[in-house]
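Peer 1: The following block contains the structure, expressed as structure tokens.
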Amino acid sequence: MKNAFRLTLLAAAMAVNFVACERPDEDKLDSGANNERVILYAVDGNETRRTLTTESEWDAVLEQLCNLAQNGKHVTFYNINQTAHRQSAAKERSTINTASREELKEWMKKMEKKGLTVRVSFDDESGTWHGEAYTTLPAENTLGNILGAWHLNCMVVSQLDADDRVVNSDLYEPDTDGGAMYYTFSNDGTLTVMVHGIDGTTGTDNGIWTLSEAGILSSEMLPNGVDWNVNWITPNTMILSRKETGTENGNINYQIQFESVGTVE
């Protein structure tokens, strides 16, 4: 795939060295044999990341999450491995209410295959499971966590087939050879980007950010387009994604992973 990644003017000026690496095995991508899941899940806001390679491991995690929800915990999960699921439309949502644990787990599996974020709770009085799945988080979930400084860990740029599945993917990391990028979201709507260049220099630039009622995060300071889905956000981690159609490389999905750092010096 041609390099579909474009830097901000600031990043380009500071010579941050985004290096493509860790390309997935294309034979596995083409055959659909890539079953690895990288699951982020949060239980009452406490985040865990697990890499799963078999369906039995995935079944065990789903059973664990159901047990936690049944014990009164608020459970959320998301598979950040783009090669393992389809890239969903920005407004795709689904809900379920059921008294059957098995029906709930089948629904959870289906939502994970669609690349959606899933929240599950249990009503002890009625014995009913409630599930919500969505591409972008409700705005109220994002606003409570986004303020502060975030380190841009990496961006994944993926080429999609006609079924919105990944056929080719590149990972870009700014922290190569001493480079780094930080984004600080302020409650007055300003967004500050600090770039540490590979030559030891440091620069900053400022813009604005907005969050729509639907939960879409928008800013011209983000690397590849203005409008982004917030797939995941906790006090520790933020995952953004957006899909671009009809490029010279076909349909492209971008995913940015951030780690919270509190403050940047």
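The values are calculated or read from the model by the stated rules, or taken from the named source; none is laboratory data. From a predicted model like this one, the values you see are computed outputs, not experimental measurements. Neighbour counts are summed over all protein chains in view; Cβ atoms, including those assigned to glycine, are modelled from backbone coordinates with ideal geometry. The area values use the complete protein model at the heavy-atom level, side chains included, leaving out ligands, DNA and RNA. Shrake-Rupley method; radii C 1.70, N 1.55, O 1.52, S 1.80 Å.
Peer 1: Hey, how much of the P(r) for the range 58-202 falls beyond 18 Å, as a percent of Cα pairs?
Peer 2: Cα-Cα pairs in the range 58-202 separated by more than 18 Å: 67 percent.
Peer 1: Still on this structure: Among 150, 120, 174, which residue has its Cα furthest toward the positive end of the charge dipole of the range 109-206, with +1 on Lys/Arg Cβ and -1 on Asp/Glu Cβ?
Peer 2: 120
Peer 1: Moving on to the next point. Could you give the length gained on full extension between residue 204 and residue 57, defined as 0.36 nm per residue of separation minus the Cα-Cα distance, in nm?
Peer 2: 48.5 nm is the gain from fully extending residue 204 to residue 57.
Peer 1: Just how far, in whole angstrom, is the range 59-93 from the range 213-265 if you go by their alpha carbon centroids?
Peer 2: 19 Å
Peer 1: Would you kindly state how much longer the chain becomes between residue 260 and residue 74 on full extension, computed as 0.36 nm times their sequence separation minus their alpha carbon distance, in nm to one decimal?
Peer 2: 64.8 nm
Peer 1: Run through every distinct alpha carbon pair of the chain and return the Kirkwood hydrodynamic radius in angstroms, one decimal place.
Peer 2: 19.3 Å
Peer 1: Subtract the Cα-Cα distance of residue 110 and residue 64 from 0.36 nm times their separation in residues, and report this length gain in nm to one decimal.
Peer 2: This chain segment gains 14.8 nm when fully extended.
Peer 1: Near residue 206, within a Cβ-to-Cβ distance under 14 Å, what is the net charge of the other residues, with Lys and Arg +1 and Asp and Glu -1?
Peer 2: Computed value for this residue: -3.
Peer 1: Moving on. Based on Cβ point charges of +1 for Lys and Arg and -1 for Asp and Glu, what charge dipole magnitude is obtained for the chain about its Cα centre, in debye rounded to the nearest 20?
Peer 2: 300 debye
Peer 1: Still on this structure: How high is the relative contact order of the range 59-178? Use alpha-carbon pairs under 8 Å, at least six apart in sequence, and give a whole percent.
Peer 2: Reported as a whole number, the value is 27 percent.
Peer 1: Once the principal axes of the Cα atoms of the range 81-130 are found, what is the range along each, listed largest first in whole angstroms?
Peer 2: 38, 21, 13 Å, listed from the longest principal axis down.
Peer 1: Can you give me the % of accessible surface on the chain that is carbon or sulfur? Probe 1.4 Å, all protein chains present, nothing else counted.
Peer 2: Roughly 45 percent, rounded to a whole number.
Peer 1: Rg and Dmax of the range 138-209, using alpha carbons, in Å: what are they?
Peer 2: When restricted to the Cα atoms of the range 138-209, Rg and Dmax are 15.7, 44 Å.
Peer 1: Counting only other residues whose beta carbon sits under 11 Å from that of residue 42, what net charge do I get with K and R as +1, D and E as -1?
Peer 2: With Lys, Arg at +1 and Asp, Glu at -1, the net is +1.
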